[in-house]
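Written below as structure tokens is the structure these notes are about.
The values are calculated or read from the model by the stated rules, or taken from the named source; none is laboratory data. Keep in mind the model is a prediction, meaning the values are calculated, not measured. Using ideal geometry, Cβ is built from the backbone for each residue, glycine included, and neighbour counts are taken over all protein chains shown.
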Amino acid sequence: MSNRTEMFSKHTALVAASLAIAVVPSSAHADDYYGVDDLAADAWDAITKPKKSKTYKHDYCKTEDPFCGVIAYANAGGYIVKSVDVHAKDSQPSGVQLNPYCTSVAKKFTSNLELNEYDVFIVPANCLYKLKINIQSGPKKDRIIMLTPGCVAQTWTDGTTGSNKWHKDIHWSDEAKKKGASGPVQDPAGNKCSVS
């Protein structure tokens, strides 16, 4: 085991012990932990009958007790999104205890995402990610997401092909809330889950 992985393992054990918010009881219940089935009801009021299109779950997030979060993107506009891409940024923030598994994240869905559909990415946290969308006959757009354990970062765009706008909602996963998480969505060191 590398020194970096060992240090992260010790840190994550302290996080779990101190806050008890990021531990998943078993990989069989990982979707429940992340609140994937509840994503549509939580924040996407602007979307009529949202329908999940595709879900990606990183291998690390399929293990027992992973430190992961959710990035979700929904199409709420009058266009088709040709692709949705989530990947770990090459440059990660200094002073943040990063999950060593995040650097291997690079997933792109290329099938068309239509109006009121959303894609879900369950990926390691803490990590800085770039979310990129490609609107058919329109611009490519992106957002930077700092994902912390237990965070659900929902994003969506609305409007038209030529004139559209980003929206976001950041909240604790259902399981994190059951384990006592409240207040700002952040890690124990105070690094906040954010979309910019």
(request) Any chance you could count how many residues in region 79-95 are among the β-branched types (Val, Ile, Thr) and either within 16 Å of the chain's Cα centre (by Cα) or closer than 20 Å to Cys61 by Cα (or both)? (result) 2
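Would you confirm whether or not region 168-180 contains a residue that is polar (S, T, N, Q), in a loop (DSSP other than H, G, I, E, B), at pLDDT below 95 and out of contact with any Pro (no Cβ under 7 Å at 6 or more places or on another chain)?
Yes, region 168-180 contains at least one residue that is polar (S, T, N, Q), in a loop (DSSP other than H, G, I, E, B), at pLDDT below 95 and out of contact with any Pro (no Cβ under 7 Å at 6 or more places or on another chain).
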(request) Mind counting the residues in region 165-196 that are closer than 29 Å to Gly138 by Cβ and surrounded by 14 or more Cβ atoms within 10 Å (Cβ to Cβ)? (result) 9
(message) For Ala74, only one of the following conditions fails: (1) closer than 23 Å to Asp174 by Cβ; (2) out of contact with any strand residue (DSSP E or B) (no Cβ under 8 Å at 6 or more places or on another chain). What is its number?
(response) (2)
(message) Given the criterion in contact (Cβ under 8 Å) with a residue 40 or more places away in the chain, within 17 Å of Lys54 (Cβ to Cβ) and surrounded by 24 or more Cβ atoms within 10 Å (Cβ to Cβ), identify the matching residue among Ile71, Ile145, Ile80.
(response) Ile71
(message) Please pick out the residue among Val123, Val86 that is more than 26 Å from Gly159 (Cβ to Cβ) and touching a residue at least 24 places away in the same chain (Cβ under 8 Å).
(response) Val123
(message) Can you report the number of residues in region 108-129 which are surrounded by 16 or more Cβ atoms within 10 Å (Cβ to Cβ) and either assigned to a loop (DSSP other than H, G, I, E, B) or under 14 Å from the mean Cα position of the chain (by Cα) (or both)?
(response) 14
(request) Report yes if some residue within region 189-196 is more than 15 Å from the chain's Cα centre (by Cα), among the hydroxyl-bearing types (Ser, Thr, Tyr) and more than 21 Å from Asp65 (Cα to Cα); otherwise report no. (result) no
(message) For region 96-106, check the following and say yes or no: at least one residue is within 30 Å of Ile47 (Cβ to Cβ), surrounded by fewer than 21 Cβ atoms within 10 Å (Cβ to Cβ) and modelled with pLDDT of 95 or more.
(response) yes
(request) Select from region 157-172 the residues that are under 14 Å from Val185 (Cα atoms), free of Cβ contacts under 8 Å to residues at least 40 places away in the same chain and among the charged types (D, E, K, R) and list them in ascending order. (result) Lys168
(request) For Gly162, state whether it is over 15 Å from the mean Cα position of the chain (by Cα), part of a loop (DSSP other than H, G, I, E, B), surrounded by 17 or more Cβ atoms within 10 Å (Cβ to Cβ) and at pLDDT below 95. (result) no
